[in-house]
Amino acid sequence: MRGPPAELLLPGIPPGERLITRRRFLRFGRGFAALAAAGALPAWRSVRRVRFQESPFTLGVASGDPTASGAVLWTRLDPAELAFADAASREVAVRWEVSADDAFRQIVRTGESRALPELGHSVHAEVEGLEPGRWYWYRFDAGGIESPAGRLRTAPAPGEVPASLRFAFASCQHYEHGYYTAYRHMAAEEPELIIHLGDYIYEMRYGEIIRDAAPDELMTLADYRNRYALYRSDPDLQAAHAACPWIVTWDDHEVDNNYAGAVPEDAQGRHEFLMRRAAAYQAYYEFMPLRRSSMPTGPAMQLFRRLDFGDLASFHVLDTRQYRSDQACGDGRAPRCWPAFTPDRTLLGAAQEAWLHDGLASGPARWNFLAQQVRMAEVAIPPREGESEESFSLDMWDGYPAERERLLGFLAREEVPNPVVLTGDIHSHWAADLKRDFGDPGSATVGVELVGSSISTGGDGADAQRFTAEILAANPHVRLFSGLRGYVSVTVGPEGCRSDFRTVPYVSRPGAPVETRASFAVEDVRAGLEEA
Ligand code: FE
Ligand code: CA
């Protein structure tokens, strides 16, 4: 859990304006600082006893950000049950226990957390003192009612190189677009870790409605909280959260489609948007198994961080939304955009870029996974009818080529061990070699990118044969395109990394089977994808 403090990282706000912004958020910020301090105290003032009518654990349980000695345990109490217990505006004591066996006979750690109304009665208990590289079970108790149990696995000890690590990654789960069957299959694979790369919720309605949420775009804290609660009520999503620890990062739809730093998609005043962003970030924190180090301060939240799995793998978790420059030529598809090449335009922001380079150069890992949002490989889209030249997607790294050039140059120069970029956002499976020069197929491959399709966004999806053929022909470094829904399962060991691109044939009704659309291997040291 390394990274600079959030306060240093207010994105792109000029100093004068920052003062106004910070003053505006001072009440908010102070509240959080006090909460953080209170959470660190060993003993708490008395907490009211509550009596619930039914289980308050309707939103499930989760764990996250595992280390070799612990993880975050998460739950959140049901608002209807809190209202019944006359506790909606009060603190509630929530006990938790961690067991070495699934029957909870060998309890190894217990503790008590306060679920606070200011944080929507969420619980983020950071358990320590566990053994490295093994499974544990955990559960909560509030008002004498036990939660369902979840399972977590700690990371291997520093210096250890386990024979393998199995994880899966996911993104883009528009509730209204379909069922989360893919999560059911993912949980059944019993991965040791699940990584979510963003668009966990959608703030807006579009497309065909399979499951109804609400038509209006989210703006307030209550709006965002209700949306997360709806998504988290899904049994397949709950099963995936209970199956193993998650490492999460966000993309745009957790706040607003294609936003960049303090710039919203639609006309909205800067301060108004930052207030909205603060509400969205708070709801995200409340619903995710994140550590206190990620607790937001107004519209700022520390999400980029690094998690090590012994000396086998490091996950460099990136945030390409909070600090990015506004898209240079719009956020859609456009011909080569020369203003985008200005070197000071950024996706990561200077502080995160320096932190990333530093961690890549000095880390112990044999495999370096960059868990991030938008596609990094250049993809030239052949001209469509009425167009005279190829185009690029400018919300992705293709809209920030100078920073990509710095990163790929750095990977090559520093000989960073086995870089593997994990990506979401575009609701389709892709696999690509990351070239030192995408315009020259003979240039060095400095790493690979695995892009996982959506869980549900976009509805059933299809393998578009003609589009696939055109894209592959124009971009020889791209090895796979599939427009079906799904996720990616990865097994990494000292000698290699295998990725299986799972797909479900439909999401418009429950019960889809799972298939493997393609598999790739990457051998240690030899950058580049091999069909497996
Ligand atoms: Fe998406
Ligand atoms: Ca997105």
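The values are calculated or read from the model by the stated rules, or taken from the named source; none is laboratory data. As the structure is a prediction and not an experimental result, all values here were calculated from the model. Note that each Cβ is placed from the backbone with ideal geometry, even for glycine, and that neighbours are counted across all protein chains shown. We work out accessible area using only protein heavy atoms, side chains counted, and drop any ligands, DNA or RNA first. Shrake-Rupley method; radii C 1.70, N 1.55, O 1.52, S 1.80 Å.
Here are the numbers:
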quantity: Any hit, the stretch 227-246, residues being closer than 30 Å to CYS329 by Cβ and surrounded by fewer than 23 Cβ atoms within 10 Å (Cβ to Cβ); calculated: no
quantity: Pairs with Cβ under 7 Å, 6+ apart, first in the stretch 166-180 and touching a residue at least 24 places away in the same chain (Cβ under 8 Å) and closer than 15 Å to GLU208 by Cβ, second more than 10 Å from ligand 1 (Cβ to nearest atom) and assigned to a helix (DSSP H, G or I); calculated: TYR175/LEU230; TYR175/TYR231
quantity: Flag for ASP395 being within 16 Å of ligand 2 (Cβ to nearest atom) and assigned to a loop (DSSP other than H, G, I, E, B); calculated: yes
quantity: All positions within the stretch 336-373 that are in contact with a Ser or Thr (Cβ under 8 Å, 6 or more places away or on another chain) and open to solvent by less than 10 Å² (accessible area, probe 1.4 Å); calculated: LEU347, LEU348, GLY359, ALA365, TRP367, ASN368, PHE369, ALA371, GLN372, GLN373
quantity: Filtered residues of the stretch 70-99 (kept if open to solvent by less than 40 Å² (accessible area, probe 1.4 Å), of a type in the set (Gly, Ala, Ser) and in a loop (DSSP other than H, G, I, E, B)); calculated: GLY70, ALA85, ALA87
quantity: Filter result (within 16 Å of ligand 1 (Cβ to nearest atom) and either open to solvent by 20 Å² or more (accessible area, probe 1.4 Å) or assigned to a loop (DSSP other than H, G, I, E, B) (or both)) within the stretch 247-264; calculated: THR249, TRP250, ASP251, ASP252, HIS253, GLU254, VAL255, ASP256, ASN257, ASN258, TYR259
quantity: Residues of the stretch 288-323 satisfying the condition of being open to solvent by 10 Å² or more (accessible area, probe 1.4 Å), in contact with a strand residue (DSSP E or B) (Cβ under 8 Å, 6 or more places away or on another chain) and in a loop (DSSP other than H, G, I, E, B); calculated: ARG291
quantity: Close pairs from the stretch 373-400: first farther than 22 Å from SER171 by Cα, partner within 16 Å of ligand 1 (Cβ to nearest atom), Cβ under 8 Å, at least 6 apart; calculated: ILE381/ARG333; ILE381/SER393; SER391/ARG333
quantity: Any chance SER508 is surrounded by fewer than 18 Cβ atoms within 10 Å (Cβ to Cβ), polar (S, T, N, Q), in contact (Cβ under 8 Å) with a residue 24 or more places away in the chain and not in a strand (DSSP E or B); calculated: yes
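Here is a yes/no grid of residues against (1) open to solvent by 50 Å² or more (accessible area, probe 1.4 Å); (2) closer than 29 Å to GLY452 by Cα; (3) in a strand (DSSP E or B):
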position	(1), (2), (3)
ASP101	no, no, no
ARG105	yes, no, no
THR110	yes, no, yes
VAL123	no, no, yes
VAL161	yes, yes, no
HIS185	no, yes, no
